[in-house]
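A short write-up of the structure that comes next.
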Amino acid sequence: MKTKIGFIGLGNMGTSMAKNLIDSGYHLQVYNRTLLKVDELGTDSVTKCQSPAEAAANVPFLITMVSDDEVLRESAVGDGGILKTLQPNAVHISMSTISPGTSEELTRLHEQAGSRYLASPVFGRPEAAAARKLWICVSGDEQTKTDARPILDLLGQEVIDFGPSAGGANVVKIAGNFMIMASMEMMAEAFTLAEKNGLSRMQVADFFSSTLFNAPIFQSYGKALAGKQYQPVGFKSKLGYKDARLAFKLSQTSEMPMPIANAVHSRLLTAIAKGWGEHDWVEGIGRGVSEDAGL
């Protein structure tokens with residue numbers, strides 16, 4: 001009999017991750033707010049669940065990949081939440097981008113309920129999730145990290161340990177997403193400056209991404225920004241704005257001035273105000289810079 005895992009959240013990332021676990025031989029108990037999404041996984045190795053609690057029942061591991069802190073907290077402690085049914089010593093692997101405070105809160109709640117919580121946010125777009133090329137950051141209890149490692153190894157190319165603090169990996173994730181946003185704003189401004197002066201955005205982007213800025217972020221996002229390639233939508237502007245809010249809030253609670261975080265926060269808030277929340281954050285940032293320049 002296949003080992004069962006609970007799984008909550010079938011967005012662009014979660015769907016690919018769930019498919020990889022099924023392909024690796026696991027049976028998934030899946031809950032998603034839009035239940036029709038569960039049908040995309042097939043039926044042979046999937047049990048469609050009507051609540052988070054049902055997805056969490058009688059499994060040693062449960063993965064959540066949801067949109068934000070509020071949804072995760074509701075999935076855990078709300079009516080039909082996972083803490084009502086997780087068996088003793090079961091592990092909740094939380095792979096969403098959330099605040100470190102929420103991870104610390106959920107760690108305490110899981111301990112009180114007799115289960116375990118592991119912060120495991122990921123870096124990578126949906127195509128990386130499909131190819132099992134995610135970078136997975138973890139933090140928390142050592143034994144819990146060891147127990148979850150075989151599952152995490154099936155989802156990514158590397159698992160990086162950021163220590164025993166419950167929210168440590170979440171701080172890394174927020175910092176990393178801030179760096180991506182800041183890099184996108186910088187590239188969009190640079191390429192638009194080149195365009196305003198009669199140069200090819202793509203030529204400038206190709207030059208920088210193969211010389212001074214020879215790195216994946218500048219190659220992948222740089223190409224999309226330079227070519228104004230806004231489809232398909234891999235990561236929505238409204239989710240980018242949520243991450244900008246997390247960075248802004250963390251900077252305040254840490255008494256850490258971050259003027260660039262303020263700038264990208266405003267950029268993505270403007271995208272939301274213009275009705276681009278469902279558009280890719282490449283468009284939210286890149287199109288915003290172009291429009292400011294009168295292009």
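A few points about this structure:
- Kirkwood Rh, Cα atoms: Rg over Rh of segment 149-295: 1.01
- Convex hull (Cα only) mean projected area of segment 17-82, reported in nm² to one decimal: 4.4
- Of every Cα-Cα pair in segment 121-181, the percent that sits beyond 12 Å: 66
- Taking all protein chains together and rolling a 1.4 Å probe, residue 36 ends up with roughly 130 Å² accessible.
- To the nearest ten degrees, helix 259-273 and the longest principal axis of the Cα atoms of the chain are 80 degrees apart.
- Heavy-atom surface analysis with a 1.4 Å probe gives segment 144-207 a carbon and sulfur content of 61 percent of its accessible area.
- With all protein chains modelled, accessible area of residue 208 [1.4 Å, Å²]: 70
- Calculated over the chain, the projected area of the Cα convex hull averaged across directions stands at 15.7 nm².
The values are calculated or read from the model by the stated rules, or taken from the named source; none is laboratory data. Just so we're clear, the structure is a prediction, and the values are computed from it rather than from any experiment. Accessible surface areas use protein heavy atoms only, side chains included; no ligands, DNA or RNA. Shrake-Rupley method; radii C 1.70, N 1.55, O 1.52, S 1.80 Å.
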